[in-house]
Protein chains: 2
Amino acid sequence: MRRYVSDAAELTEEYGIQIGRWKQYRDLGPLPFDAMWCVIPPGGSSAEDVHPEVEFAVVTRGTAIYEEGGQKVEVPTGGVILLDPEQRHVIHNPSPVQPLTILSIYWMPRDAVAAADADSAAATTDGAGRD
Amino acid sequence: MRRYVSDAAELTEEYGIQIGRWKQYRDLGPLPFDAMWCVIPPGGSSAEDVHPEVEFAVVTRGTAIYEEGGQKVEVPTGGVILLDPEQRHVIHNPSPVQPLTILSIYWMPRDAVAAADADSAAATTDGAGRD
């Protein structure tokens, strides 16, 4: 049994917010996803973000407002938001006093992994290996 | 963007607690894990549980006490506990008033999946197919 809490995590400034990548934990073992803590200060917002991974975000403290394509969705503590690849999004912390903390879990979609594997196999067959 | 919250989930009685399996959500798309909400009433405990999956549990409301092999670990709201396969565990809700809610994410470890694939391939080669 290993316990992980955001208050004890090492955080760095990225995307205009604080990020704690789970790569910092040496005892995790293999996970079928990557993960990071995101801490957004009171009244703050993340920089706009867009990425090829599916994102499964759990609000672990405070209330988040996710904005995407003019749509805004409020997610309370304990709620989850699921973002498809390439969904351009911003996260807002509407609280004037409380930091917002999110556990973001993300992975490359299976189709993209299969395509990359096929590319890689084709490149190997061609003798045109990449790294 | 799709939002999921435990308060709106269908729950059933299992393991002495309330369970909301994420299979109820038809719009999820493929995830690299299974998931369920677990709701433990004030002062309640889960039945002892042991399973071959790795379990990654996020406390989404209240404080959990995880007990395993005589060890007890307290996990606050927003904290994560990671359980190895076959770790026999019980979850307690120490609050006399507040339900405890957990988002449990779980998957078969890679070694076990590889072994099952090898078994399946061997069975196919033998002509001794199983289902």
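The values are calculated or read from the model by the stated rules, or taken from the named source; none is laboratory data. Please read these numbers as outputs of a predicted model, since none were measured by experiment. FYI the Cβ positions are ideal-geometry reconstructions off the backbone, even for glycines, and counts take in every protein chain you see. With ligands, DNA and RNA removed, areas are computed over all heavy atoms of the protein, side chains included. Shrake-Rupley method; radii C 1.70, N 1.55, O 1.52, S 1.80 Å.
Observations, loosely collected:
- Each helix, a run of at least 4 DSSP H residues, gives -39500 (n - 2.57); summed and divided by the residues of the protein assembly as shown, these come to -4500 deg cm²/dmol at 222 nm.
- Approximating the spin labels as points 7 Å out from Cα along Cα→Cβ, the residue A:111-to-residue B:118 distance works out to 3.4 nm.
- Amide H to amide H, with H built 1.01 Å from N, residue A:28 comes under 5 Å of no residue 5 or more places away or on another chain.
- Theoretical gain in end-to-end length, residue B:50 to residue B:87 [0.36 nm per residue, Cα-Cα removed]: 12.7 nm
- 0 to 90° range, to nearest 10: angle between helix A:110-126 axis and chain A longest Cα axis: 30 degrees
- Leading residue at positive end of dipole, chain B (Cβ point charges), from B:108, B:82, B:41: B:41
- Among chain A residues, the beta-carbon with the smallest distance to the axis carrying A onto B is reported, with distance in whole Å, as A:32, 2.
- What you get for chain A, charging only the Cβ of Lys and Arg (+1) and of Asp and Glu (-1), is a dipole of about 580 debye around the Cα centre.
- Exam field: residue B:41 pseudo-label spacings to other copies (7 Å along Cα-Cβ), nanometres: 4.6
- Label positions at residue B:10 and residue A:34, each projected 7 Å from the Cα along the C-beta direction, are separated by 3.6 nm.
- Surface composition of the protein assembly as shown: carbon plus sulfur atoms contribute 50% of the solvent-accessible area (1.4 Å probe, protein chains only, all chains present).
- Averaged over the residues of B:77-88, the number of partner chain Cβ atoms lying within 10 Å of the residue Cβ comes to 5.
- Point-charge dipole on Cβ atoms (K/R +1, D/E -1) for the protein assembly as shown, about Cα centre, debye to 20: 720 debye
- A point 7 Å from Cα along Cα→Cβ stands in for residue B:111, and the other copies hold the same point at 3.5 nm, listed in rising order.
- Table column - 3J(HN,Hα) (Hz), the stretch B:17-31, Karplus curve with 6.51, -1.76, 1.60, x for Gly and Pro: 9, 9, 10, x, 6, 6, 4, 5, 8, 8, 9, 6, x, x, 10
- Oblate is the label for the protein assembly as shown. Its Cα gyration tensor axes, ordered a ≥ b ≥ c, give a/c of at least 1.5 and b/c at or above a/b.
- The Cα atoms of the stretch A:17-128 define a convex hull whose projected area, averaged across directions, is 8.8 nm².
- Spacing of the modelled spin labels on residue B:72 and residue B:2, each 7 Å from Cα toward Cβ, amounts to 3.9 nm.
- Exposure of residue A:72 as accessible area (Å², to 10), given a probe of 1.4 Å and all protein chains: 130 Å²
- Separation between Cα centres of the stretch A:89-107 and the stretch A:1-78, rounded to whole Å: 7 Å
- The stretch B:18-81, dipole about Cα centre (Lys/Arg Cβ +1, Asp/Glu Cβ -1), debye to the nearest 20: 320 debye
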